[in-house]
Each structure stands twice: as structure tokens, then as C-alpha cells.
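First the structure, in the form of C-alpha cells, and then the observations on it.
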Amino acid sequence: MNRLEKLEQEAFEDKVTIHDYYLGEESLKGIYIDGNIAINTSVNNTAEKACVLAEELGHHHTSVGNIINMENVSNRKQERQARIWGYNKLIGLNGIIKAFEVGCQSVHEAAEFLEVTEEYLLEAIECYRNKYGVCTEAGNYTIYFIPQLSVFKRT
């Protein structure tokens, strides 16, 4: 079962219905409304669809009310929380470590291994860099975000 199928199964178990629907513009990839996720029909590959679905499931788990107006600070915070939920669901520190363990040497290879888009992985890394700063520890590993992503196993 690939990442997208696992997310679809999770949505099903959470009683969230997924719809493929044209949302009127290419830049709007997905939307969550009351137990329904619409994914734009313009999203046409598995990795991108998994990224969109993860964020929209993040809204299911973290958002309250109508947050469409991004002028509102509270709405922007909820949007960010949903995005972080998705990053942690699809990537997380453990995903970065697993990509290192299997020998991924580039963002492209890591994104392919994690079944996400390169853009999504780079956004997640930036998010983790903002949260953790230069580096953080996870288990027997130190993950550096600055000057570039690198993982070191402590012995």
C-alpha cells in the first residue's frame, strides 16, 4: 500500500469522504469542508495528491470553522497547523532519518523515497529548520538543517 492509499484509508476510517473535483483554479489544490475533502482534478500525480490529502486531513484534525479569509491571524495559524500536521504525517524527523538510512543523496531521491513532491519536502525541511534551528536530535541521530540538510548517526 503506497502513502496515498494509506492516507485514503485513514480518511475512510475517520469518516472523511474524498472527492476529485475541479475547484475553479489551478492554484487551489484542495479544500476541507465538514468531513469532505475535495482534491482539484488538476492534481494528477500520486505524490502531489498525497501531499494535498495530508494537508487537508490536517485541517480535519486541527482546524475549526471557516478559515478561508487569510487576512485573519487565527485563520493563518490554523492553516499553518494543518500544513505542519501534513509534514509530520508524511515526512517527520523519522522520515528524514529513514531516507538517510536507505542512502538517499539528494532532495529528489529523498522525495521519491518518501513519496512526496520535492517542493513539499523542501517546505517541510524549511518548517523544521524554523522550529529546531541549526539541528535537532532524534534517537541516535543528529539532523542538521543549516547550512544544508544532513544526518549523522551517533554511535
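The values are calculated or read from the model by the stated rules, or taken from the named source; none is laboratory data. Please read these numbers as outputs of a predicted model, since none were measured by experiment. Quick reminder, even Gly has a Cβ in these numbers, built from the backbone with ideal geometry, and neighbours come from all protein chains shown. In case anyone asks, the SASA skips ligands and DNA or RNA and just uses the protein heavy atoms, side chains included. Shrake-Rupley method; radii C 1.70, N 1.55, O 1.52, S 1.80 Å.
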Under unit Cβ charges (Lys, Arg +1; Asp, Glu -1), what dipole magnitude, rounded to 20 debye, does the stretch 92-140 have relative to its Cα centre? 240 debye
The chain, dipole about Cα centre (Lys/Arg Cβ +1, Asp/Glu Cβ -1), debye to the nearest 20: 680 debye
For the stretch 116-124, what does the Karplus curve 6.51 cos²θ - 1.76 cosθ + 1.60, with θ = phi - 60°, yield as ³J(HN,Hα) per residue in whole Hz, taken in order and with x for Gly and Pro? 10, 7, 4, 4, 5, 4, 4, 5, 5
Cut-off under 5 Å, modelled amide H: who pairs with ILE37 long-range: THR17, ILE18, HIS19
Under the Karplus relation with 6.51, -1.76 and 1.60 and θ = phi - 60°, whole-Hz ³J(HN,Hα) for the stretch 132-145, x at Gly and Pro, equal 9, x, 4, 7, 8, 10, 9, x, 8, 10, 10, 10, 9, 9
If ligands, DNA and RNA are left out, what is the accessible area of ASP34 with a 1.4 Å probe, given in Å² to the nearest 10? 140 Å²
Return the carbon/sulfur percentage of the accessible area of the chain, one whole number, probe 1.4 Å, all protein chains in place. 50 percent
Most positive-pole-ward Cα, ALA50, VAL151, GLN81, against dipole of the chain from beta carbon charges: VAL151
If you average the sequence gap of Cα pairs under 8 Å that are 6 or more apart and divide by the length of the chain, what percent do you get for the contact order? 15 percent
Place a +1 charge on the Cβ of each Lys and Arg in the stretch 12-85 and a -1 charge on the Cβ of each Asp and Glu, then give the dipole magnitude about the Cα centre in debye, rounded to the nearest 20. 240 debye
In vacuo Debye scattering of the stretch 17-87, one point per C-alpha: log10 I(q)/I(0) at q = 0.14 Å⁻¹? -0.39
Suppose only helical runs count, i.e. DSSP H with n ≥ 4. What mean residue ellipticity at 222 nm does that imply for the chain under -39500 (n - 2.57) per run, divided by all residues and rounded to the nearest 500 deg cm²/dmol? -16000 deg cm²/dmol
Of ILE91, ILE67, ILE39, the most mobile residue in a GNM of the chain (C-alpha springs, cutoff 10 Å) is ILE67
In a Gaussian network model of the chain with springs linking alpha carbons closer than 10 Å, the residue among VAL73, VAL43, VAL16 that fluctuates most is VAL73
The stretch 1-35: which GluC sites (Glu not before Pro) are DSSP loop and have at most 11 other beta-carbon atoms within 10 angstrom? GLU25, GLU26
What is the total of Lys pairs in the chain with C-alpha atoms under 15 Å apart, excluding same-chain pairs fewer than 8 positions apart? 8
